[in-house]
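Single-structure report; data block below.
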Amino acid sequence: MNLDKKIIQMLDQYENNHLSIKQRLREILQQCALLGLARSKFFEHAAFYGGTALRILYDLDRFSEDLDFSLLKPNKNFNLTPFLESLERELLSMGFDVEVTSKKKNTDSVIMSAFLKSNTKIMLLSVTNKSEKTHADEKIKIKFEVDTDPPLGFELESKVILNPVPFYVLTYKPADLFAGKMHAMLCRNWKNRIKGRDWYDFIWFLQKKTPLHLSHLEKRMKQSKHLDKKDNLTEKKLKEFLAQKIKKIDWKNATEDIKPFIYDSSTLKLWNKQFFLSLISEIKFI
């Protein structure tokens, strides 16, 4: 596998970074995948959001795995295939040995999924003489998800990504990204694993003094049936919901979830019920 020189230059820019070579390659794959989508005019139909959007576009200081998108208007019959084919061609042209596969959508689901896979060992050996104890069949996997029935009421902006070449992607404005994150915090189905990543991002939004777009959160909660259609989501009610959620969380499990995604786990020593309850008053609204 002969990687394009732009990819090698991107790897060089990670000098003195705490990410492993595998994490660096994943982030570069993410950005190159976004370029492939941009060149296929995908962002005329959809916006980039979620944790990876926060990292790539807004400098969130944690590693993120998946690529999440929302259509600009509901379309449950949206055809993702042409955009995935364009993305795969783009990555192959850059020297990546990749496979892009789509997952058949459950008839009841509004989420379309696909996976980008590349052999980790081959990628590592193409840029370094070391394979970081990688199994021969190990693959870097990036999951794509597209929400085909998004709640409306969000605002958008274009953001530039400079590498591997400058290009624009469409994304939610920060206040709406915060609303989406708050919806995940309040309404995500935990099963047996709480996502500490959501709560880490919550702290990040507060540090950035990003206001939360309350009306968009209300639409999300009504759509997911976590709020009755007749109810209004007030600031007071939101804070009550959040306090109830915080009191139920196993914060030890939450810290274990976030550890692989951050550089300095010492920041997690404060994580407990009282700490997060004290943060509720820091939320600003629009």
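The values are calculated or read from the model by the stated rules, or taken from the named source; none is laboratory data. A quick note: this is a predicted structure, and the numbers were derived from the prediction, not measured. So basically every Cβ, Gly included, is an ideal-geometry build from the backbone, and we count neighbours across all protein chains shown.
Within the stretch 263-282, the set of residues being touching a residue at least 60 places away in the same chain (Cβ under 8 Å), touching a helix residue (DSSP H, G or I) at 6+ places or on another chain (Cβ under 7 Å) and not in a helix (DSSP H, G or I) comprises Trp271 only.
In the stretch 236-258, of all residues being part of a helix (DSSP H, G or I) and of a type in the set (Asp, Glu), the one that is nearest to Leu268 (Cα to Cα) corresponds to Glu256. One residue alone among Arg193, Arg220 is under 12 Å from Met182 (Cα atoms) and not β-branched (Val, Ile, Thr), and that residue is Arg220. Which residues, taken from the stretch 230-241, are free of Cβ contacts under 8 Å to residues at least 24 places away in the same chain and touching a helix residue (DSSP H, G or I) at 6+ places or on another chain (Cβ under 6 Å)? Listed by number, the list holds a single entry, Leu233. Of all the numbered requirements in (1) among the acidic types (Asp, Glu); (2) exposed (fewer than 14 other Cβ atoms within 10 Å of the Cβ); (3) over 18 Å from Asn163 (Cβ atoms), Asp66 misses one, and that requirement is (2). In the stretch 166-185, the residues that are outside any strand (DSSP E or B) reach residues that are among the charged types (D, E, K, R) and surrounded by fewer than 20 Cβ atoms within 10 Å (Cβ to Cβ) with C-beta atoms within less than 7 angstrom, at least six apart or across chains, in these pairs: Lys173/Glu155; Lys173/Glu157; Asp176/Glu155; Lys181/Asp198; Ala184/Asp198; Met185/Asp198; Met185/Lys245. Candidates are the residues of the stretch 184-229 that are aromatic (Phe, Trp, Tyr) and in contact with a helix residue (DSSP H, G or I) (Cβ under 8 Å, 6 or more places away or on another chain); the one that is surrounded by the fewest Cβ atoms within 10 Å (Cβ to Cβ) is Trp204.
So which residues in the stretch 57-76 are in contact with a Ser or Thr (Cβ under 8 Å, 6 or more places away or on another chain) and not small (Gly, Ala, Ser), if there are any at all?
If the condition is that a residue be in contact with a Ser or Thr (Cβ under 8 Å, 6 or more places away or on another chain) and not small (Gly, Ala, Ser), then Leu57, Glu65, Asp66, Leu67, Asp68, Leu71, Pro74, Asn75, Lys76 are the ones that fit.
Give me a count of the residues in the stretch 12-49 that are at pLDDT 95 or above, over 17 Å from Ser93 (Cβ atoms) and part of a loop (DSSP other than H, G, I, E, B). So the count comes out to 2. Candidates in the stretch 210-232 are the residues that are touching a Lys or Arg at 6+ places or on another chain (Cβ under 7 Å) and part of a loop (DSSP other than H, G, I, E, B); of these, the one that is nearest to Glu256 (Cα to Cα) is Pro211. Within the stretch 80-103, does at least one residue satisfy the condition of being surrounded by fewer than 13 Cβ atoms within 10 Å (Cβ to Cβ), within 29 Å of Asp198 (Cβ to Cβ) and modelled with pLDDT under 90? No, the conditions are met nowhere in the stretch 80-103.
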